[in-house]
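Each remark here refers to the structure printed beneath this line.
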Amino acid sequence: MVLESVPDLRPGPGEILVKVHAAGVNPVDTYIRAGAYGDRSFPYTPGMDAAGTVLAVGSGVSRFKVNDRVYVAGSISGTYAEQTLSKGSQVYPLPPMISFEQGAAMGVPYATAYYALFNRGQAIAGETVLVHGASGGVGTAAVQIARARGLVVIGTASTSKGRDLVAKEGAHHVLDHSAPDYFDQLMKLTDNRGVPLILEMLANVNLGRDLKVLTPRGRVVVIGSRGKVEIDPRDTMGRNADIRGMSLLYAAEPELSAVHAALVAGLENGTLRPVIGCKIPLAEAANAHEEVMKPGSYGKIVLVP
C-alpha cells in the first residue's frame with residue numbers, strides 16, 4: 001500500500017462526501033487487500049469505516065448538512081483517505097460526546113457485534129453469552145452491547161491487559177483463552193450447563209471445542225476464521241445445536257438501518273463507548289494491517305490523516 005494524491009471527490013445523487021478525521025482498520029480490510037475476500041478491482045482505496053464532518057451532499061440527501069458530525073459504515077471510494085464518499089444510507093449521526101476516533105470504530109465492529117448477537121444469534125435477556133477474543137474491536141463492542149441488553153457475559157482474552165479491559169467494559173466473568181483448561185473453567189462457571197450462545201472470532205481454533213460446551217439448542221455465531229477446522233457433527237446432533245455464519249456484506253439494508261439506529265441510541269445514552277487501542281498515521285496504513293492481525297488485540301486501531 002502506498003500513499004498517493006488523488007483529485008477531490010464530488011457527491012452524486014443520494015451520496016455524501018465526508019472529511020475523514022479518523023478511519024477504522026479491520027481484519028477484513030487485510031483479507032480484501034490480499035485479494036482473498038469479496039469482489040474487488042485493484043488498485044483501490046481500502047477501508048469501510050470512518051468518522052468526520054460532512055463536506056458536501058448530493059441531490060436528494062436531506063438527513064445531513066455540511067459540517068454535521070457523522071460516522072461512516074461503508075464507502076464507495078474507501079476510507080483510508082482525507083475524504084470519503086458514501087451512499088446516504090451508509091452515514092449516521094455522531095453524538096457530540098463521541099470522538100471521531102471512537103466514531104471510526106462503529107461501522108464494522110459494533111454493527112458486527114450487534115448483528116451477531118441479535119440478528120444471527122437471537123440473543124435474549126437473561127441468557128449467557130461467551131465472547132471469544134473479547135478485548136478487540138468486535139469483542140469489546142459485543143461485551144458492552146450484551147451487558148446493556150441484560151445478558152450474562154463471559155469474555156476471554158489472552159493477556160492480563162486485555163482481560164482487565166474486558167472486565168472494565170462489563171463482562172461478568174473473564175477467562176484466559178491461552179490457558180489449557182479455560183473451557184473447564186467455563187463449565188464450572190455455568191454449573192456444568194454450558195452456554196446457549198457463543199460469538200466466535202477464531203473458528204478454525206475453537207469451533208470444535210465450542211460445540212461441546214453449548215446448552216441444548218445452543219448457537220455458535222462464526223464471526224471470524226483463518227483456516228479450516230475439523231468438528232464432530234454429533235456434538236451438534238446431541239444438542240439440536242446450530243453453527244451460524246455471518247457477514248455484514250450479506251445483511252439487507254433494512255437490517256443494517258435497524259442495527260445502526262440501535263447503535264446511535266447506545267452512543268447517545270452512554271451504554272456504548274468504543275475503546276481506541278492505537279492511533280496510526282494514514283501514511284503508515286501498511287503497519288496498521290500488520291498490527292490488526294497480531295494476537296492479543298486491545299481495542300480498535302484507527303488511522304488519522
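Just so it is clear, none of the values below were taken in a lab; they were calculated from the coordinates. This structure is a prediction, so every number in the text was calculated from the model and none was measured. Glycine gets a Cβ as well: all are built from the backbone with ideal geometry, and neighbour counts include every protein chain shown.
Observations on the structure shown:
- Here the range 109-249 is assigned +1 on the Cβ of each Lys and Arg and -1 on the Cβ of each Asp and Glu. Its dipole about the Cα centre then comes out at about 240 debye.
- Distance between modelled label sites at M187 and D8, nm, 7 Å Cα→Cβ extension: 6.4
- Against the chain, whose longest principal axis is taken from its Cα atoms, helix 253-269 shows a tilt of about 90°.
- Rough spin-label spacing in nm, given labels placed 7 Å along Cα→Cβ, for A125 and A261: 1.9
- Lysine-lysine proximity count for the chain, Cα under 20 Å, sequence distance 8 or more or distinct chains: 13
- In the range 109-249, one over the average inverse separation of all distinct C-alpha pairs is 14.6 Å, which is the Kirkwood hydrodynamic radius.
- Lys/Arg +1, Asp/Glu -1 at C-beta; the chain dipole; positive extreme among A241, S225, P96: A241
- Among [x] 34, 19, 18; [y] 30, 26, 23; [z] 41, 22, 16, the entry derived from the coordinates for semi-axes √(5λ) of the Cα gyration tensor in Å: [x]
- Sorted by Cβ neighbour density within 10 Å, fewest at the top, the residues F118, F100: F118, F100
- A Cβ-based charge dipole, computed about the Cα centre of the chain with Lys and Arg at +1 and Asp and Glu at -1, lands at about 460 debye.
- Packing-based exposure ordering (other Cβ within 10 Å, fewest first) of Y31, Y44, Y71, Y92: Y44, Y31, Y92, Y71
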